[in-house]
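Below you'll find the structure, written out as structure tokens, and then a few comments.
The values are calculated or read from the model by the stated rules, or taken from the named source; none is laboratory data. Remember, it's a predicted structure, so these values are computed and weren't measured experimentally. Glycine also receives a Cβ, built like all others from the backbone with ideal geometry; neighbour counts cover every protein chain displayed.
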Amino acid sequence: MNYKITIEDPNSKYIAIEATLYHNNNKEIEVQLPAWRPGRYELQNFAKNIQTFEAFTRDGILLQTKKITKDRWLVDAQGNSEVVLKYRYYADQTDAGGSYVDKSLLYVNPINCCVYVEGRIDEKCTVAVEGIEKQELAGGMRSTFVNGFHHFDADDFCHLTDLPFLLSAKLQHEVYEVNDVSFHIWVAGHCEIPWNEVLSDFQKFTQTQFDVFGEFPEPDYHFVLWVLPTAYYHGVEHRNSTMMVLGPDTQPFDEVYGDLLGLASHELFHAWNVCKIRPVELIPYNYTKENYFETCFVAEGITTFYGDWMLYRSGVFDENQYNKELETCYRRHFETAGEATQSLTESSFDLWLDGYTRSVPNRKVSVYHKGAIAAQILQFQLEKVGKSLDDVMQLMWERFGKPFTGYTFEDYKTCCEEIIGYDLSDYFEKCITGTESLWEDINDVLHPRNLTLNKQQDGRVTLEVLT
């Protein structure tokens, strides 16, 4: 499939997409737009943003189309070897997972707005994006500028969905190196960046993460930061890039810098954990419906724990900064879900139901926050035998990430037990598949560090120094 993306009128918020299918020999073809995007495990029904959808022959003859599901079209291709799909997509979602256009910027997340043909999802894709030469294309692709369009290739549709891009004439761009891998930082929006400090800190936490696994999954990596005039905090992981959205741009950089570091460290760890070390239920992705799995506490909980831990271990965060992040995590869990009736595995499964919205009281837990607490408890147990969660993640990388075979719940439990050297059923039954409070368990982790969790009369949770 070849895609051409153009901006007709940025004030309308619509982008025009032309997708051309070559070498067709079918009378009918089924065209699908994804219903969800990797990194957010809920149906988002992107087809609601499509205003018009038409199909043509190479000579411009209109072909009959019929919608057969909420996001699938049947095209009467009549055996034409070349079929051109034309549609308009409403791009007005200002977060890291959407698509957006205005007079100064175009941000496209292909998973939102690029269709694929059933049965041909594994074929190579090419993309042409309308722009002018002085506009740069930020993202994980390697692009060229020809005849007024930026061009790039993708190995297949799944690769294309991991290549979000931002087009703007006003981009800041710097590069640093770690173990011969180039790491790019792109910034769009109004933001004065102290580049010496930023590059030094990013290099430190990148090196520390690199050292956990001993290698990087991709030949390069791109941090793309979009700074909004309104308050925002969001990030999405991709194969060799992350899209991060922060705001407001009126806030001094040193006040938002901690958020940027935490977000960037978290998303970089995903380059290994989930982009490669992936639950078997997500290999391959099925973009048409829910992909249920029970191990998001590994994909997101462990990543949440590592995001801040890497900043602390690398020296980017001091102990006070690290403890502040821990307290935030504890508060978000214990103040709202400490007595929840769902386990981590149940809440992982139910992400597709209400995982990103408020639920009824005392029902679900956050796979991010309780998952991070469970990871910290496991790290404490591993330390007692001279091991680390690093050893577990290294084994997961070698066994499931590097060969990209996918892991099950039992695979993760087995890796943990191999590293620690004994049965961990009690830990998994309490922390992962059970619903007991982890209050005492996390205090057992904190007390050797001369810290304790307290709950105030108003219900507020605080992390305090033991006296």
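Between PHE334, PHE317, PHE293, the distinction of being touching an Asp or Glu at 6+ places or on another chain (Cβ under 9 Å), touching a residue at least 40 places away in the same chain (Cβ under 8 Å), over 25 Å from ARG399 (Cα atoms) and of a type in the set (Phe, Trp, Tyr) belongs to PHE317 only. For the subset of region 132-162 comprising residues that are assigned to a loop (DSSP other than H, G, I, E, B) and over 21 Å from the mean Cα position of the chain (by Cα), which member is farthest from HIS222 (Cα to Cα)? Selected residue: ASN147. The condition of being part of a helix (DSSP H, G or I) and surrounded by 21 or more Cβ atoms within 10 Å (Cβ to Cβ) holds for PHE305.
Please verify whether region 34-54 includes one or more residues that are aliphatic (A, V, I, L, M), over 27 Å from the mean Cα position of the chain (by Cα) and within 30 Å of ASP354 (Cβ to Cβ). Show your work before the answer.
At the first step, the residues of region 34-54 found to be aliphatic (A, V, I, L, M) are 35, 43, 47, 50.
Cutting the leftovers down to over 27 Å from the mean Cα position of the chain (by Cα) gives us none.
Taking every residue of region 34-54 in turn, none turns out to be aliphatic (A, V, I, L, M), over 27 Å from the mean Cα position of the chain (by Cα) and within 30 Å of ASP354 (Cβ to Cβ).
May I ask you to verify whether THR20 is of a type in the set (S, T, N, Q) and free of Cβ contacts under 8 Å to residues at least 40 places away in the same chain? I'd like the intermediate steps shown before the answer.
On the way: of a type in the set (S, T, N, Q): yes; free of Cβ contacts under 8 Å to residues at least 40 places away in the same chain: no.
In short, no.
Cβ separations smaller than 9 Å between residues 6+ apart or across chains give the following pairs from region 296-314 residues that are farther than 16 Å from PHE210 by Cβ to residues that are basic (Lys, Arg): PHE297/LYS370; ALA299/ARG278; GLY301/LYS370.
Looking only at residues of region 89-98 that are surrounded by fewer than 24 Cβ atoms within 10 Å (Cβ to Cβ) and under 18 Å from THR52 (Cα atoms), we find that the one that is nearest to the chain's Cα centre (by Cα) is ASP92.
For region 164-184, which residues satisfy the criterion of being within 17 Å of LEU105 (Cα to Cα) and of a type outside the set (S, T, N, Q)? Before the answer, list the steps.
Residues of region 164-184 that are within 17 Å of LEU105 (Cα to Cα), as a first pass: 164-173.
PRO164, PHE165, LEU166, LEU167, ALA169, LYS170, LEU171, HIS173 - these are the residues of region 164-184 that are within 17 Å of LEU105 (Cα to Cα) and of a type outside the set (S, T, N, Q).
Between SER348, SER366, the distinction of being assigned to a helix (DSSP H, G or I), closer than 30 Å to GLY421 by Cα, of a type in the set (Ser, Thr, Tyr) and not assigned by TED's automatic domain parsing to the domain that holds ASN196 belongs to SER348 only.
Out of curiosity, is SER182 under 29 Å from PRO284 (Cα atoms), more than 18 Å from the chain's Cα centre (by Cα) and not assigned by TED's automatic domain parsing to the domain that holds HIS23? Give the derivation first.
Details: under 29 Å from PRO284 (Cα atoms): yes; more than 18 Å from the chain's Cα centre (by Cα): yes; not assigned by TED's automatic domain parsing to the domain that holds HIS23: yes.
So SER182 fits the description; yes.
Screening region 302-329 for residues that are in contact with a Phe, Trp or Tyr (Cβ under 9 Å, 6 or more places away or on another chain) and among the acidic types (Asp, Glu) and picking the one that is nearest to GLU197 (Cα to Cα) gives ASP318. Quick one: is GLU339 touching a strand residue (DSSP E or B) at 6+ places or on another chain (Cβ under 6 Å) and in contact (Cβ under 8 Å) with a residue 60 or more places away in the chain? When the stated conditions are applied, GLU339 does not pass them. When the criteria are applied in full, GLU130 meets the requirement of being touching a Phe, Trp or Tyr at 6+ places or on another chain (Cβ under 8 Å), surrounded by fewer than 19 Cβ atoms within 10 Å (Cβ to Cβ) and in contact (Cβ under 8 Å) with a residue 24 or more places away in the chain. When we screen ASP102, ASP59 for residues that are in contact with a helix residue (DSSP H, G or I) (Cβ under 8 Å, 6 or more places away or on another chain) and not assigned by TED's automatic domain parsing to the domain that holds ALA299, the only hit is ASP102. Residue under question is SER81, and the condition is that it be polar (S, T, N, Q), modelled with pLDDT of 95 or more and buried (at least 21 other Cβ atoms within 10 Å of the Cβ); does it hold? In short, no.
Kindly indicate the residue of region 379-410 that is assigned to a helix (DSSP H, G or I) and without any contact (Cβ under 8 Å) to a residue 40 or more places away in the chain and also farthest from the chain's Cα centre (by Cα) among those meeting that condition.
Here the residue is GLU383.
Are any residues in region 165-191 hydrophobic (A, V, I, L, M, F, W, C), modelled with pLDDT of 95 or more and under 20 Å from PRO252 (Cα atoms), and if so, which ones? Quick ask: steps written out before the conclusion?
So the first thing to find is which residues in region 165-191 are hydrophobic (A, V, I, L, M, F, W, C), and the list is 165-167, 169, 171, 175, 178, 181, 183, 185-188, 191.
Cutting the leftovers down to modelled with pLDDT of 95 or more gives us 165-167, 171, 175, 178, 181, 183, 185-188.
If the condition is that a residue be hydrophobic (A, V, I, L, M, F, W, C), modelled with pLDDT of 95 or more and under 20 Å from PRO252 (Cα atoms), then LEU171, ILE185, TRP186, VAL187, ALA188 are the ones that fit.
Restricting PHE404, PHE400 to residues that are modelled with pLDDT of 95 or more, under 22 Å from TYR292 (Cα atoms) and crowded, with 18+ Cβ neighbours inside 10 Å narrows the list to PHE400.
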